[in-house]
Ligand code: SAH
Ligand code: SF4
Ligand code: F3S
């Protein structure tokens, strides 16, 4: 019998990518992925624990499943991902509607767990692994535009940023077999994809050891992130390559050199700064200070003058003073980030900060500081994107604009959204084409331009 699964992803790109691995494992078990909970026999929520609000959103969504279950006899509900790992059996206690709880390293056991669930029992597997990378599993692409895809290159995180729950929900860091990554990218090219984003919590510490054949005298060779980027860039010359996330303490010049050398590696780096204050960075246990971050920034600009930089910022971390906060505002101005994700600090159980520091910045102060950070960033983005006006950019078209069916949107190498008219001289711009665009207008969030020429598949 054909069984139907609906998977909903919350949180980071890593979860989106994991859901595609889950879909692949379940496809072998006879499940077809569908696009709504209403159609499904099994609903899986792939969840995030990064901030309290993220968990709250999922808990609300779980409540909605009560109604659905009442209407659909036999429907099963599972919780996957970081909240499953963090809350474990408690989730079953708290939310009776949940049948299944599976952590990020236990997805291969889903078929057995579902069998158990099928007999009316509850099932839990939240074991973390030191080895699991799902390396050879070919993901089933969900909700895809057929143009861009995520490829996970490593799992877990060995850093201990004081605010962060990820090391507890995702376990130890491990890198996926470099050849399986290259194969997956080649396969995407064969299927018509035009862009990949290589994913890891800290891609700069990617390290994979090629073991020599048994009995041979060859020395094991180590592939680092720069080597991996180069392998993908060479193997897939018509594929655009992006990656996320870099860590300022580990980002090497070797990576910057490889990026500069290959035209098909996009000139864009997401480099979370978190705070502009060295004092705060120290308490955050980030392993760098403001001066180090600025030095990395300078190195990026030397290697790639056109490179865009985006960041993550936390407002109101433990002990943050007005002076610390003003340093965050000033680093936003000084760097001129193209884009930023900005958050209020949210204390997470088990983290270093929750054990060591008081969450002592009052809620209204956090709110006000976050707004000031957002305002400063809006200015920085506007200023930065305005410098693109008058330039010519190569844009990969991703789809029809949500605001106007007369326009399509895509991204330039710098990862900014570029809007162009959908029809030009009787030709319709379809997702997947790469066009040369004259940038004519900018806002804080996107660019608008005019089509100059279609580009054949020859980025490299
Ligand atoms: N691995 C990435 C980030 C992962 S989480 C890195 O090292 O940068 C994504 C972002 O969420 C973080 O960069 C941080 O800005 C934010 N974040 C993480 N924990 C948080 C918390 N407890 N409260 C508020 N924001 C948090
Ligand atoms: Fe969290 Fe730090 Fe690891 Fe990023 S590098 S996932 S912020 S612990
Ligand atoms: Fe959230 Fe887990 Fe990603 S906590 S941000 S889904 S690694």
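The values are calculated or read from the model by the stated rules, or taken from the named source; none is laboratory data. Since the model is a prediction, treat every value here as computed from it, not as a measurement. Cβ placement follows ideal geometry from the backbone for every residue including glycine, while neighbour counts extend to all protein chains displayed.
Numbers below:
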| read-out | value |
| --- | --- |
| Sole exception among (1) within 16 Å of ligand 1 (Cβ to nearest atom); (2) within 20 Å of residue 141 (Cα to Cα); (3) out of contact with any strand residue (DSSP E or B) (no Cβ under 6 Å at 6 or more places or on another chain) for residue 35, by number | (1) |
| Counted residues, segment 270-287 - those being surrounded by fewer than 17 Cβ atoms within 10 Å (Cβ to Cβ) and within 13 Å of ligand 2 (Cβ to nearest atom) | 2 |
| Residues of segment 66-83 that turn out to be assigned to a helix (DSSP H, G or I) and closer than 29 Å to residue 350 by Cα, as a count | 3 |
| Filter pass, residue 373 being buried (at least 16 other Cβ atoms within 10 Å of the Cβ), closer than 30 Å to residue 162 by Cα and over 27 Å from the mean Cα position of the chain (by Cα) | no |
| Residue identified as within 16 Å of ligand 3 (Cβ to nearest atom) and touching a strand residue (DSSP E or B) at 6+ places or on another chain (Cβ under 8 Å) among 59, 80 | 80 |
| Residues being within 16 Å of ligand 3 (Cβ to nearest atom), free of Cβ contacts under 8 Å to residues at least 60 places away in the same chain and assigned to a helix (DSSP H, G or I) - total across segment 84-110 | 3 |
| Filter pass, residue 197 being within 16 Å of ligand 3 (Cβ to nearest atom), at pLDDT 95 or above and within 22 Å of residue 26 (Cα to Cα) | no |
| Residue, nearest to residue 231 (Cα to Cα), within segment 172-187, restricted to residues that are assigned to a loop (DSSP other than H, G, I, E, B) and away from ligand 1 (no atom under 14 Å from the Cβ) | 177 |
| Filtered residues of segment 345-369 (kept if in contact (Cβ under 8 Å) with a residue 60 or more places away in the chain and either surrounded by fewer than 16 Cβ atoms within 10 Å (Cβ to Cβ) or under 22 Å from residue 445 (Cα atoms) (or both)) | 349, 350, 356 |
| Residue tally, condition more than 16 Å from ligand 1 (Cβ to nearest atom) and outside any helix (DSSP H, G or I), over segment 51-65 | 0 |
| Total residues in segment 10-30, condition touching a helix residue (DSSP H, G or I) at 6+ places or on another chain (Cβ under 9 Å) and part of a helix (DSSP H, G or I) | 8 |
| Index of the failed condition, residue 400 passing every other in (1) at pLDDT 95 or above; (2) under 24 Å from residue 330 (Cα atoms) | (2) |
| Answer residue from segment 318-348, given it is closer than 17 Å to residue 284 by Cβ and in a loop (DSSP other than H, G, I, E, B) and is farthest from the chain's Cα centre (by Cα) among those | 321 |
| Residue in segment 39-46 that is without any contact (Cβ under 8 Å) to a residue 60 or more places away in the chain and surrounded by fewer than 19 Cβ atoms within 10 Å (Cβ to Cβ) present | yes |
| Residue match in segment 204-211 (condition: farther than 30 Å from residue 41 by Cβ, surrounded by fewer than 19 Cβ atoms within 10 Å (Cβ to Cβ), modelled with pLDDT of 95 or more and away from ligand 3 (no atom under 16 Å from the Cβ)) | yes |
| The lone exception for residue 178 - which of (1) under 15 Å from the mean Cα position of the chain (by Cα); (2) over 30 Å from residue 352 (Cα atoms) it fails | (1) |
| Single unsatisfied condition, residue 134 versus (1) away from ligand 2 (no atom under 16 Å from the Cβ); (2) free of Cβ contacts under 8 Å to residues at least 24 places away in the same chain; (3) within 19 Å of the chain's Cα centre (by Cα) | (2) |
| Subset of segment 171-200 that is surrounded by fewer than 22 Cβ atoms within 10 Å (Cβ to Cβ) and within 12 Å of ligand 2 (Cβ to nearest atom) - its residue that is farthest from residue 83 (Cα to Cα) | 173 |
| Of all residues in segment 140-160 being crowded, with 23+ Cβ neighbours inside 10 Å and part of a loop (DSSP other than H, G, I, E, B), the one that is nearest to ligand 2 (Cβ to nearest atom) | 156 |
| Per-region count, segment 288-304, residues surrounded by fewer than 18 Cβ atoms within 10 Å (Cβ to Cβ) and under 13 Å from residue 246 (Cβ atoms) | 1 |
